[in-house]
1. Given H placed on each backbone N at 1.01 Å, which residues far from residue B:82 in sequence or on other chains put an amide H within less than 5 Å of it?
2. Over the range A:113-239, average the accessible area per residue using a 1.4 Å probe and give it in Å², no decimals.
3. What is the distance in Å between the Cα centroid of the range A:26-98 and that of the range A:181-239?
4. Need the full-extension length gain, residue A:68 to residue A:217, defined as separation in residues times 0.36 nm minus the C-alpha distance. One decimal, nm.
5. In square angstrom and rounded to 100, what buried accessible area do you get between chains B and A, total over both, with the probe at 1.4 Å?
6. Please enumerate, by chain and number, the aspartates and glutamates with C-alpha under 20 Å from the C-alpha of residue A:228, excluding those fewer than 8 residues away in the same chain.
7. Please quote Rg/Rh for the range A:102-179 to two decimal places, taking the Kirkwood radius as Rh and restricting both calculations to Cα atoms.
8. Is the shape of chain A best called rounded, prolate or oblate, per the rule: a/c under 1.5 gives rounded, else a/b larger than b/c gives prolate, else oblate, with a ≥ b ≥ c the square roots of the Cα gyration tensor eigenvalues?
Amino acid sequence: MRRSCCRSFVILSIAGLAFAQWHVPATADPGRRVGLWLQDVSRDYSEQGWAQKSKRYPQGYMRPADDKGWQTRMLALRAVVIEGKLSIPSLLEAMESSDISQRVFAAQALGYLGADLPSGPLLHAAREDKLTAVRLYAVDALGMRGNAANAIDWMSLRKQEPNGDVRKHIGYAVERKNAGIHQEVVQTLKNWNPQSMNTAVVSQPAPDFELTSATGQKIRLSSYRGKKSVVLVFVYGDT
Amino acid sequence: MREKLETIQGANTELLAVDPHETWAAKSLLKDTGLSTDDLQFPLLMDPAQTVSATYGVAFQMRIHVEASNRPATFIIDKSGVLRYARRAKTFSDRPTPAQVVRELTKLDGK
């Protein structure tokens, strides 16, 4: 056992080097406007290197493994919740962009504004956008408005939707029964320290966190320290 | 699979799953498979703000959302709180088997 421990240490160190990734330059200034972040989202998004090409998705649907754009999108999303409804004009403008990275990001981000966001442009995107991801996130965002989503004719939207995943999400939007995005979610995103982005590195202390389980139990990673080892699985690596 | 789950959980180890959706969505997804959240043998932790996912370098993609575009990630943290194993999948099916996880756990050597 001793020997296998040393060997595993070497293997894990190599794995650690492979996983020790870039860090986003600290442009996480909370006063930075969403409009500027949207420019960065475009800059850091690439059409190149997408994997899993298929007939249905000729350009591929899997983000390149070395993609760094997600960190920019995360910072931009945080900027959206910090700026709140003041960011709506920038996001609506982005919804009209020919740049798909703008439209997908804006559709995702608008949902976090909950009841404050206007439904018209999202409904338009849910009906008309050529890109599946935009329609899907527009549907999610409409559902996240809570009571405000009441007036939407979900059935007709479902009828005309060609993609099965989007139809499924229309189902979820209906099923959430007017439950809007929880303010706690928005608060968590607002309070998150961007310096902790991508800081899980092998052979270093695992970043601590507290999350609530689906059955309502609050669980803190560090509560297992000295008691148990933990296997932590992110079931949807990318969503 | 269930047996493996018991091996993982039995070896002085806790299994935690992280899901980036809101709770109601997880419930709805489970319902599709005929389960409720009470049937789960391990805590399903909800991370709808995606802050824990981003901290662990497992963040949201954007392009075409299909089920098979998920890239699950697996981490092993030893008893002293040190991260000992990290695998962020390149594709949906690129993930350690339960047997590999058990092997990694035995490597921890009681730590």
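1. A:206
2. Spelled out: the 1.4 Å probe surface of the range A:113-239, per residue, equals 46 Å².
3. What the calculation gives is 23 Å, centre to centre.
4. 50.3 nm
5. The contact between A and B buries close to 7900 Å².
6. Qualifying aspartates and glutamates at Cα under 20 Å: A:208, A:210, B:3, B:6, B:14, B:78, B:104, B:109.
7. Here the Rg-to-Rh quotient is 0.91.
8. In terms of gyration-tensor shape, prolate.
The values are calculated or read from the model by the stated rules, or taken from the named source; none is laboratory data. This is a predicted model, so every value here is computed, not measured. Note: areas computed on protein heavy atoms with side chains; ligands, DNA, RNA excluded. Shrake-Rupley method; radii C 1.70, N 1.55, O 1.52, S 1.80 Å.
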